[in-house]
Amino acid sequence: MIAPSILSADFARLGAEIDAVAGSGDGRADWVHVDVMDNHFVPNLTIGLPVVESLREHTGLPLDCHLMIEDPDRWAPGYAEAGAHNVTVHVEAAHDPVMLAKNLRAAGAKAGLAIKPGTPIEDYLDTLKHYDTLLVMSVEPGFGGQSFIPDVLDKVRTARRLVDTGHLTLLVEIDGGINADTIEQAAEAGVDCFVAGSAVYGAGDPAKAVAALREAARVARAR
């Protein structure tokens, strides 16, 4: 699965930027990744709930909302109620992540749990049993265009092993520095869904970029 991140898109043309990856075939995005930042949990400010509500009305692509915000226990269910397909919160910010997962599902979304590069996955294995998605950050959250941190792939391998053995039931997602050079490493480690920002929206043809990333991941997983 490929989830283009609109953090790297032209904010003045978000509707058109999403349409560019909403065609057919391998160039069609599986999800649209929406980075919500509050300038508190991370040192950047992006978009919020009103924009997500507008995007939901504009596109039929599933919205994958990644909330890099403080107090997600309070704010995250609103994104599920607005029609987001998957709402991901940071375990470092959530007060009661198990209850939050239940609330997100009750509001109609899949529940995702994100972990920063320095956060060990082993501390949250029981918590992850309540989630549908694990988002492994392969850069420090807050800004696009950063370099991929390969050490996080050990967490991906752990998650993949636990999913394959039935100890967890979730989709493994990765976000940060994913491009033609790094997607193969991530795919070989066991990632299911790849968030790509500048690799898609920095290309001349975003749909072709999505298709190329998908093929690279497919080939790597088949090895």
> Where does each of 207-216, 87-96 land if you order them by average Cβ count within 10 Å, highest first?
Replying inline: 87-96, 207-216
>> Full-extension gain between residue 161 and residue 1, please, as 0.36 nm times their residue separation minus the C-alpha to C-alpha distance.
In response: 55.7 nm
> Taking amide H positions as placed 1.01 Å from N in the peptide plane, with prolines and chain starts having none, which residues 5 or more places from residue 23, or on another chain, fall under 5 Å of its amide H?
Replying inline: 29
> Given H placed 1.01 Å from N in the peptide plane, which residues other than close sequence neighbours of residue 110 have an amide H under 5 Å from its amide H?
Replying inline: 86, 87
> In nm, to one decimal, how far is the residue 218 label point from the residue 16 one, both placed 7 Å along Cα→Cβ?
Replying inline: 3.0
> Short version: ³J(HN,Hα) in whole Hz for each residue of segment 192-198, in order, from phi by Karplus 6.51 cos²θ - 1.76 cosθ + 1.60 (θ = phi - 60°), x for Gly and Pro, what are they?
Replying inline: 9, 10, 10, 8, 9, x, 5
> HN-Hα J couplings of segment 180-188 from phi, Karplus 6.51/-1.76/1.60, θ = phi - 60°, integer Hz, Gly and Pro as x?
Replying inline: 4, 7, 9, 5, 5, 4, 5, 5, 4
> Which whole-number percentage describes the relative contact order of segment 2-222, with Cα contacts under 8 Å and a sequence gap of 6 or more?
Replying inline: 20
> What lysines sit close enough to residue 116 to cross-link, taking a C-alpha to C-alpha distance under 29 Å and skipping anything fewer than 8 places away on the same chain?
Replying inline: 102, 129, 155
> Want the number for residue 71 to residue 181: 0.36 nm per residue separation, take away the alpha-carbon distance, what's left?
Replying inline: 36.1 nm
>> Among the complete DSSP H segments of the chain, which ones combine at least 15 Å of alpha-carbon extent along their axis with a mean Kyte-Doolittle hydropathy of -1.0 or more?
In response: 153-164, 206-222
> Could you list, bin by bin from short to long, the percent of Cα-Cα pairs of segment 2-222 in 10 Å steps?
Replying inline: 9, 37, 39, 15, 0
> Under 5 Å between amide H atoms, partner at least 5 residues away or on a different chain: which partners does residue 2 have, H built in plane at 1.01 Å?
Replying inline: 30, 31, 194
> Quick one: Karplus J couplings for segment 110-115, per residue in order, coefficients 6.51, -1.76, 1.60, θ = phi - 60°, nearest Hz, x for Gly and Pro?
Replying inline: 6, 9, x, 10, 9, 10
> By per-residue mean of other Cβ atoms within 10 Å, what is the highest-first order of 97-108, 67-78, 122-133?
Replying inline: 67-78, 97-108, 122-133
> Using a Förster distance of 41 Å, how high is the FRET efficiency between residue 28 and residue 98, based on the Cβ-Cβ distance and rounded to 0.05?
Replying inline: 0.75
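Read-outs throughout are calculated quantities, based only on the coordinates presented, and are distinct from any laboratory measurement. Keep in mind it's a predicted model, so treat the numbers as computed, not measured. Note: ideal-geometry Cβ built from the backbone for every residue, glycine included; neighbour counts use all protein chains shown.
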